[in-house]
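Here is the structure we will look at, set down as structure tokens.
The values are calculated or read from the model by the stated rules, or taken from the named source; none is laboratory data. Predicted, not measured: the structure shown is a model, and the values here were computed from it. Neighbour counts are summed over all protein chains in view; Cβ atoms, including those assigned to glycine, are modelled from backbone coordinates with ideal geometry. Ligands, DNA and RNA are excluded from the accessible area calculation, which covers all protein heavy atoms including side chains. Shrake-Rupley method; radii C 1.70, N 1.55, O 1.52, S 1.80 Å.
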Amino acid sequence: MKGHQKISDFLINEKVDCIDKEHQSVLTANGKIVWVCGKRISNWVRITQNTNQIAVLSRIYIPAPLPCVSTIVLTRAASVV
């Protein structure tokens with residue numbers, strides 16, 4: 001997708017209901033959106049023919065007593081050969 005879209009507009013277009021919108025995670029780096037978790041990755045971080053480094057991320061849920069809490073961890077980083 002070229003251009004920009006508000007997260008709220010993106011979630012409406014994806015038919016995400018109000019309850020799920022409140023719990024939607026968004027990963028950012030330096031103020032730029034990287035990933036709307038479970039929905040879409042930003043074009044500027046996609047793997048292409050010009051990619052020379054990758055990072056593998058995992059989303060891990062933290063059990064109660066903290067409801068609806070998850071964290072993103074760097075699983076692996078590598079150079080592309």
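Here's the yes/no breakdown for (1) free of Cβ contacts under 8 Å to residues at least 40 places away in the same chain; (2) closer than 21 Å to G3 by Cα; (3) not in a helix (DSSP H, G or I):
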position: K15; (1), (2), (3): yes, yes, yes
position: Q24; (1), (2), (3): yes, no, yes
position: L27; (1), (2), (3): no, yes, yes
position: I33; (1), (2), (3): yes, yes, yes
position: T48; (1), (2), (3): yes, yes, yes
position: A55; (1), (2), (3): yes, no, yes
Could you figure out which of (1) in contact with a Cys (Cβ under 7 Å, 6 or more places away or on another chain); (2) at positive phi isn't true of G31?
(1)
Taking the range 15-53 only, how many residues are open to solvent by 50 Å² or more (accessible area, probe 1.4 Å) and of a type outside the set (K, R)?
22
